[in-house]
1. Measure off 7 Å from each Cα along the Cα-to-Cβ vector at R396 and T238, then give the distance between these two points in nanometres to one decimal.
2. Hey, quick one: spin label on K432, modelled 7 Å out along Cα-Cβ, who in region 346-383 has an amide N within reach, i.e. under 17 Å?
3. Give me the one-decimal nm value for the distance between modelled label points at V463 and K118, 7 Å along each residue's Cα-to-Cβ direction.
4. Please work out the Cα center distance from region 134-155 to region 404-444, rounded to the nearest Å.
5. Would you mind getting me the FRET efficiency between D173 and N324? Use the beta-carbon distance for r and R0 = 56 Å, nearest 0.05.
6. Under a Cβ-Cβ cut-off of 15 Å, what is the net charge of the residues other than R181 that fall near it, where Lys and Arg count +1 and Asp and Glu count -1?
7. For H233, H428, which order do you get if you count the other beta carbons within 10 Å of each Cβ and list the fewest first?
8. Strictly over 23 Å apart at the Cα level, which of K121/K452; K199/K224; K270/K341; K121/K156; K103/K425; K118/K156 would you flag in this model?
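We did not get these values from a lab; they are worked out from the coordinates using the rules stated. A quick note: this is a predicted structure, and the numbers were derived from the prediction, not measured. Note that we place each Cβ from the backbone using ideal geometry, even for glycine, and neighbour counts take in every protein chain shown.
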Amino acid sequence: MKVDLVTQMAKPTVLDRLIGWAHPGLGLQRHYQRQLLARAYLAAGPGDSWKPRRSTASANTDHKADAAMLRAKSRFLIQNVEYIAAGMNARVAHMVGTGIVPKWGGRDGEALKALWSKWVKVADADGVHDLYGLQAAAARAMDADGEVLVRLRARKATDDLPVPLQLQVLEIDWLDSDRMRSDNGNEVINGKEYDALGKCVAYYLWDQHPGDNKLLKTRGMTSKRVPASQIIHLFAPTRPGQARGFPRLSPVIPRVRDLQLLEDAELARKNLEGRLSVLASGDVASMANPMEGGQIGGTGGANDRGDLGALAGGAITKLPPGLNITVVEPKAAPGFVDYCKYNIGLICAGGGFTYEWATGDMTRVNFSSARIRQNDIRREIEQTQWLTLVPMLCDRICREFVGYAELAGVVRQRAQYTLEHSTPKWDHVNPKQDIDADLAEIAGGMSSISEKLRRRGYDPETVFAELEKDIKGLQARGIWDALVMLLKGKETRDSQGNDPQPNDAPGNDA
């Protein structure tokens, strides 16, 4: 119907023909303007009445309008909805795990590595976590709130720290998002100050969390300017020019809310279903008054509310003549569980975690589906690790660590080093098959041993050093040759297919 309407509007009318006969140029112009109504995309045609909100607004305008409410709802869902909390915790466990660990190399690599191992334990300004605990806290806040601040706190030499630097993770509430002006002529947008080139040069932070419930709060509290060199602003931008982040759960908040309302209604229906209700009609004058302790069939009358008394359990009750009894039995509505699973699956997909992570329900998973889904979610997690966490958080912390170490004189000036990071290793659905695939890539020259070790979360230099030490130790004890023979025997047994295979491994599917 919409296509016919647009096509009809594009056709010349009698008036168009008359104007074209009298004034051909004007007629052609009218015809051209009518042809513009014939849109290539139906959604852009005049027959589609859907108009998105703030369709031309920038990402920063959207953030100014919606971020605070989205953040409040996201926190509520994480705190009160079980599968949301489990899914978000699983994301942090896979993104950070026990830590994204730097690998120091170069001329001063060993000195920095030794200094780093000491500083990691005292890096938290609040004294709660070590550095890798701060990584997890920052990643969790970034997912929940969309963004998080990490403030660099310079310390004195008398604080007796390996490096005079500590870190403080701050919720984004510390940023004065309503601040829109500066004292030096720079532009301030949502609490961030930009210079003439558009570079962020400062943040405006409160002295305390605005949501703190303190008896003596500072009246007329104002935010203070903090140079950008002292702040790490961690968020994952999704639009060009975006300067602030949105919660990870933003797309699924309405669906979670609706599903929670449905579950509440189902719980209320279950409560009614578990209760026996009786409707009585006819002459109830002879019914007992329950306020006087009577029972159905006793003497006395029903009370004014129509309450006929309690039913005696396991008893046979005589009813007065002319009294009709109807038992109300609520019927269960089918499909509730399937509908909930369907919606939770969509919520998990939008939230960035798997249904199995969120619910622990593995009934719908086999070997193939688990492997495919893990590969998909792994790519998304690795994208967040290497495009957000490593460059914006981990690299920045390491550079600041070296800079403060140089200022303190604990390493040489202009230290020469290389830096790589190892992310948490991934568990494998079929370890033997994955190891065989890795070895085949190494043998074919398509990958290196070091790369495969890094992909599994290991430091290649540490592994090689341990292997060298182990082999020399085994040779010194005279058991290296025996171990090689045992390994060769195992390879022979594997090639003969004597080792058991998983029932649902590829190739064993019915």
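1. Here the answer is 2.1 nm between the modelled labels.
2. Counting only backbone N, you get 367-368.
3. Each label point is offset 7 Å from its Cα along the Cβ direction, giving 3.0 nm.
4. Each part reduced to its Cα centre gives a spacing of 23 Å.
5. With a Förster radius of 56 Å, E is 0.30.
6. With Lys, Arg at +1 and Asp, Glu at -1, the neighbours total -1.
7. Exposure proxy ranking, most exposed first: H428, H233.
8. Listed pairs above 23 Å: K121/K452.
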